[in-house]
Amino acid sequence: MSVATASPPLTRQGLRAARQAAWVAAVLAAALLAGICIGETPISVTTVLQVLANRLWGADHALDAIEAGIIWSYRLPRTLVAGACGAGLAICGLVLQSLLRNALADPWLLGISAGASTGAVLVTVAGVGGGMVAMSGGALMGALTAFALVAGLARLSGGGPGARGAGQIVLAGIAGSQLFNALTSFVIAKSASAEQARGLMFWLLGNLSGVRWPDVHLAVPAALIALVVVAAHARSLDAFAFGAESAASLGVPVRRVQVVLIGAAAMAAAVMVSITGAIGFVGLVVPHAARLLVGVRHGRLVPASALIGAVFLIGADILSRVLIPGQVLPIGVVTALVGAPIFAVILIRHRGAS
Amino acid sequence: MTRLISVAALLLAPLMAQAAPTQYPLTLDNCGWPLTFDGPPDNVVSIGQSTTEILYALEAQDRMAGTALWFNEVLPAYAEVNEGVERIADNMPGFEAVVNKRPGFVPTMFDWMIGAQGVVGTREQFADLGIPAYVMPTDCAQKNNTVGADGTRLADFDIATLYQSIDEIAAIMDLSDRGDALIADLRAREAAAVDRAQALDLPDASAVVWFSSAHLEVDPYVAGGRGIPAWMLRALGLRNVVTSDEEWPTVGWETIARADPSVIVIARMDRRRFPADDHEAKLEFLARDPVTSQMTAVREGRIIILDAEAMHAGIRMIDGLEALTDAMADLPR
């Protein structure tokens, strides 16, 4: 795959950017609308549009209060959070894969998922916080603690610029994840009944059913901040393609870029996992799919990963609601179940490209 | 057969204490697993509050060595009796803690305690040590316990399995007189409650039974279409809006709100692991949530609070049936 292509003239580039932006907006809007229209129970598209008109433009359609509530208070926030979560996890995975030059890097590599689980279990099972801390609060604290520990360990063990430094953070992440997974199992084995462990398992596989508006106010800004920060560093990320030493020789402030980008990615992933639980597959595979579809330059790769991640998770959430009538599957099950075959198709169709 | 015996017991209720003493060795088939008792067992370890309270109702406490798996306070009538029996564990006991009592009989209310995948031990593990482990037919007859978190019912729960459980436990303990009397009493109360509910003649009344939720906003654990609460609803003429065969499926609020049941039954329990364990938190959620607050049952105050223990197969089921009937009579028309 050719890495450096000549830039087209500026005006044509501007036109193309505008067209692409419109295209992205249309895809996103279509995904959101599908997420609101398709749910556990059938509600007509007309009703959905009337509810949106009532809420957004103050229209005055007479509607069933339950249907209106389901659309505005359940489905819309759920879809928005699914989109934000998909975008956030995909960007996080992309940043880690690019910076660490490791195709298997994903958000959970930094111990974020394991730490979030430990935090959630400590709050719900061991009763830490005496009922004053919500499970998502515990998960956020756990995720950040685990990430701080992993980052600290990587630094102490000589992580830094260079290939060896990238290796250290992977090893530190593995150690941290194992430690926190063991802590989670320990807490469950020590104090939970089988019944509680089951409720937690449901959460550990990812669950969007409890998402409401306050979660939107947390997830969407987190995803947007991560997107803006990473997009602003697109050129630096390109430079990392040949390793940290090459990036440094190209004038990239390696240490600062690593800290800022990994920090932003970890924050976004921690926020997402605290709201929805650990949703696997997205952070690992979406960046690869995006790379196959739009190439390796981060100027396009970052927005493409975010868009694919958002649309993919919204789609997975829709499927989780309709795959088995009357029952909602954990979304983590659906992402891998549906995502793996899709990814296989992309891999096969692009076998000649690289 | 059991039903015949029980019906006979009901007819002969006034002439009680006529049941023949158990002939040992006693063999019986416990959901496909053969059990043999050479004599009346001692050092009974009972796993599960319902089982324990049945043994207390049979006045078998002197032959009990331990109890485990408690959900709520013991029934007040048995508070003193319960003081005299060691509580091995609040939750599930360890295998060794049970075996260490040298029990002659280990009955349980749940297959997932002692079953194919028993968390305390499998039936084979107990059989290897010569200890007869018994699962109440309420949780193993017509039920596949390997599918779904709490198993999946292959047929609607039948109250006859509760009477069968009491009958068998009483026979094993050589307390059939007391067992027959207990069953006769429960049957009479069951029939009275059903008659009273049918006299109310509620037109197309439907219900959902909300047990708890992993956290307040997520899909709640509700009573499945074939479990014990479903049996209670059916007996009293209420249609369960949940149709899943799982014992306690999670069903989205969207589905529940659209079904708009005429009555919402919520569980009251002492357990405080999830915020939604507290029935006050459930009430507060129903009133606050933008969707559930619009449900007919919430707007018209048709919410019934039912003891969680009444939703387990045991003598409290009949208490629950009566409480549900009382609450139905008090509902705004």
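None of the figures in this text is laboratory data; all of them are computed from the coordinates on show. Because the structure is predicted, anything quoted here is derived from the model rather than measured. Ideal geometry is used to build each Cβ from the backbone, glycine not excepted, and the neighbour counts take in all protein chains shown.
Summary table
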{"quantity": "Charge tally in the Cβ shell below 12 Å around residue A:302, where Lys, Arg are +1 and Asp, Glu are -1, residue A:302 excluded", "calculated": "+3"}
{"quantity": "Label-point separation, residue A:189 to residue A:20 (7 Å along Cα→Cβ), nm", "calculated": "5.1"}
{"quantity": "Distance between the stretch B:66-83 and the stretch B:187-203 - C-alpha centres, whole angstrom", "calculated": "29"}
{"quantity": "Relative packing of A:14-23, A:105-114, which averages over residues the other C-beta atoms within 10 Å, highest first", "calculated": "A:105-114, A:14-23"}
{"quantity": "The protein assembly as shown - Rg over Rh from alpha carbon coordinates, Kirkwood radius", "calculated": "1.06"}
{"quantity": "Backbone N within the stretch B:242-268 under 11 Å of label point (7 Å from residue B:296 Cα along the Cβ vector)", "calculated": "B:259-263"}
{"quantity": "Of all DSSP beta bridges in the protein assembly as shown, antiparallel share, percent nearest 5", "calculated": "35"}
{"quantity": "Rule-of-thumb Rg ratio for chain B [Cα; 2.2 N^0.38 Å; N residues]", "calculated": "1.01"}
{"quantity": "Shape category assigned to the stretch A:254-314 from the gyration tensor of Cα positions, a/c cut at 1.5", "calculated": "oblate"}
{"quantity": "Computed helical MRE - 222 nm, chain A, DSSP H runs ≥ 4 contributing -39500 (n - 2.57), nearest 500", "calculated": "-24500 deg cm²/dmol"}
{"quantity": "Nitroxide proxy distance, nm - points 7 Å out along Cα→Cβ at residue A:337 and residue B:191", "calculated": "4.8"}
{"quantity": "Unmatched cysteines, the protein assembly as shown - criterion: no other Cβ of a Cys under 4.7 angstrom", "calculated": "A:37, A:85, A:92"}
{"quantity": "Cα centroid separation - the stretch A:256-278 against the stretch A:29-56, whole Å", "calculated": "31"}
{"quantity": "Debye log10 I(q)/I(0) for the stretch B:2-187, one point scatterer per Cα, at q = 0.19 Å⁻¹", "calculated": "-1.42"}
{"quantity": "FRET E, pair residue B:97, residue B:158, Förster distance 30 Å, beta-carbon r, rounded to 0.05", "calculated": "0.35"}
{"quantity": "Cβ neighbours within 10 Å from other chains - mean over B:293-306", "calculated": "1"}
{"quantity": "For residue B:70, residues with placed amide H under 5 Å, excluding near neighbours", "calculated": "B:91"}
{"quantity": "P(r) histogram, all alpha-carbon pairs of chain A included - 10 Å bins from 0, percent", "calculated": "5, 24, 31, 24, 12, 3, 0"}
{"quantity": "Stretch gain in nm, segment residue A:346-residue A:241, where the contour uses 0.36 nm per residue and the Cα spacing is subtracted", "calculated": "35.6 nm"}
{"quantity": "Cβ-based net charge around residue A:211, under 15 Å, with every Lys or Arg adding one and every Asp or Glu removing one", "calculated": "-3"}
{"quantity": "Number of partner chain Cβ atoms within 10 Å, mean per residue of B:249-261", "calculated": "6"}
{"quantity": "Distant-in-sequence amide H partners of residue B:207 (H built 1.01 Å from N, under 5 Å)", "calculated": "B:239, B:240, B:241, B:262, B:263"}
{"quantity": "Over the stretch B:202-330: Rg over Rh, Cα atoms, Kirkwood Rh", "calculated": "0.92"}
